[in-house]
Amino acid sequence: MIGVCCAYFLAKQSAEVILVERGEIGGAASFGNAGSIAPGHPPLNKPGRIRRSLLDLLNPKSPLYIPVRWDPGLFRWLWTFRTFCTDHHLAASMEALAPLGHASLDLFDGLVASENLACNYERSGYYEICRTKEGLVEVAHDASMMRQYGYHPREMSGDELREIEPAILESVVGGVFFPEAATCDPHRFVLELADRSVRRGVRIETGRGVSEVLSTRSAVKGVRLEDGKILDASAVVLATGSYSASLTKKFGLRLPVRAGKGYHRDLELEDASARLLDVACILAETSVFCTPIAGFTRLAGTLEFSGVNHEMRPRRLEQLTLAAEDYLHGVQGAVIRSEWCGLRPCTPDGIPYVGPVPGQSGLFVATGHAMLGLTLGPVTGKLIEGYVSEGRTSLPAGALGLERLE
Ligand SMILES: Cc1cc2nc3c(=O)[nH]c(=O)nc-3n(C[C@H](O)[C@H](O)[C@H](O)COP(=O)(O)OP(=O)(O)OC[C@H]3O[C@@H](n4cnc5c(N)ncnc54)[C@H](O)[C@@H]3O)c2cc1C
């Protein structure tokens, strides 16, 4: 998502762009995410998060899973994460991310319309639905923060929700509607935008990764690919998601990006013309997203810190269905169409790293979008385009800079 968005906006400014992807375009975290474009939402870091997470670890139905193993790097990361779970940092995160959410949504609208992207883009918002009073209080608090930044979330009773979506069970006591949100098929979006990028002159090289960024003492001069081939370049943008840390080490830049694994299970009904859900919902207490996408419903969520691997744990997948059964009718009768896992690139302060690498002219980083990589993809592409072509951006993105790692 992020690499393709950067390539598209750079090519639009007539830059000569080569997009190097060691796997397939749109094949990693961006392939099977929940497809929700959720501007204005706070990041994971919130006061009380660590205490709640520790309790969650004892609950097999909880969205969080950390396998028991010796991993000092993860402990260090979690410790730093904890220091950012404060009211002060939450306010700073909203200040940083909420305005960019508006900009990204405008860019989505513009891209889908002007490039005619066939990706099931729906601008119909989503509903965060709650089974408990505590859940309602937390969602209402998020909503009140978002209102300060020009979003218009609306609180709703359980009955109002059921009138709109009859699949919602009686056990749901209420929720919040987020009208600014949108949904799409994330894989289709990436493929379509990659296609339009190629039409604007981007050359895509797949199947071989970048093994090293080449540089003189203070400026980049290109990259070496895994098979030894060298590509000359005056600028290099590292949009390598959860796999970013190794490429920046030689520049003395330690990127504390951790892979937060999530899963999806796509469900369809035996009657292919029927839908489990008509509107997108987040199940508040379990953080599972339920998104209707062209003929199926995607259940997506869970957060697992088990390192960089794609091992699928059946219990984590099953947890998605169990969570959905507690909120929605018809889940039991649905058929599993596909299952998948992907790695969210998570930063300890919940804010992505987007910008030039200090002290290394021509080197840029765009990663760490965690739960918001689809949402903030277009605005990230626009930011990188500004930094690469003009050395600056007119968007308010200072908080995303890499200076904070120094
Ligand atoms: C279950 C789940 C649900 C999610 N739901 C949402 C959602 O609803 N809304 C939202 O906004 N976000 C969501 N996200 C987060 C979102 O998917 C990610 O933030 C986003 O996909 C990250 O995009 P990326 O391009 O940075 O990383 P990736 O998609 O991981 O792409 C990085 C790419 O870099 C390539 N690469 C790595 N190293 C090299 C190398 N050395 N050389 C060449 N290529 C390399 C990889 O092969 C990969 O294709 C979700 C994530 C998950 C897992």
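No lab work stands behind these numbers, since they all come straight from the coordinates. All values reported here derive from a predicted model rather than from experimental measurement. For neighbour counting, all protein chains shown are included, and Cβ atoms are generated from backbone atoms with ideal geometry for every residue, glycine included.
With θ taken as phi - 60° and the Karplus curve 6.51 cos²θ - 1.76 cosθ + 1.60 applied, the whole-hertz 3J(HN,Hα) list for segment 204-211 is 10, 10, 10, x, 9, x, 7, 9 Hz, x standing for glycine and proline. Its DSSP H runs of at least 4 residues, each contributing -39,500 (n - 2.57), put the calculated 222 nm mean residue ellipticity of the chain at -9500 deg cm²/dmol, to the nearest 500.
Radius of gyration (Cα atoms) of segment 197-245, expressed as a multiple of 2.2 N^0.38 Å: 1.22. With R₀ set to 35 Å, the beta-carbon distance separating residue 140 from residue 221 gives a calculated FRET efficiency near 0.10. Listed by chain and number, the lysines placed with their C-alpha closer than 25 angstrom to that of residue 12 are 221, 382; residues fewer than eight positions away on the same chain are left out. Where does the charge balance sit around residue 140 when Lys and Arg score +1, Asp and Glu -1, over other residues with C-beta under 12 Å from its C-beta? Its environment carries a net charge of -2.
When all alpha carbon pairs of segment 232-311 are counted in 10 Å bins from zero, the resulting P(r) reads 15, 29, 25, 19, 10, 2 %. Taking only Cα atoms and a 10 Å spring cutoff, compute GNM fluctuations for the chain and point out the largest among 204, 37, 293. Result for the chain, Cα springs under 10 Å: 204 fluctuates most. Taking amide H atoms as placed 1.01 Å from N in the peptide plane, the amide H of residue 365 lies under 5 Å from those of 238, 355, 357, each 5 or more residues away in sequence or on another chain.
A quarter of the convex hull surface defined by the alpha-carbon atoms of segment 303-406 gives 9.4 nm² as the mean projection.
Computed over the chain with a Gaussian network model linking Cα atoms closer than 10 Å, the most mobile of 315, 254, 131 is 315. In this structure, the amide hydrogen of residue 260, modeled 1.01 Å from its nitrogen in the peptide plane, lies closer than 5 angstrom to those of 344, 346, counting only residues at least 5 positions away or on a different chain. Over the chain, what portion of Cα pair distances is larger than 41 Å, expressed as a whole percent? Value for the chain (Cα pairs over 41 Å): 11 percent. Across all C-alpha atoms in segment 38-117, the radius of gyration and Dmax reach 17.4, 50 Å. Count charges around residue 379 for me, please; just the other residues with Cβ under 12 Å from its Cβ, Lys/Arg as +1, Asp/Glu as -1. Around residue 379, the charge tally is -1.
Taking 12 Å as the straight-line reach from the Cα of residue 261, the aspartates and glutamates in range (excluding those fewer than 8 positions away in the same chain) are 304, 311.
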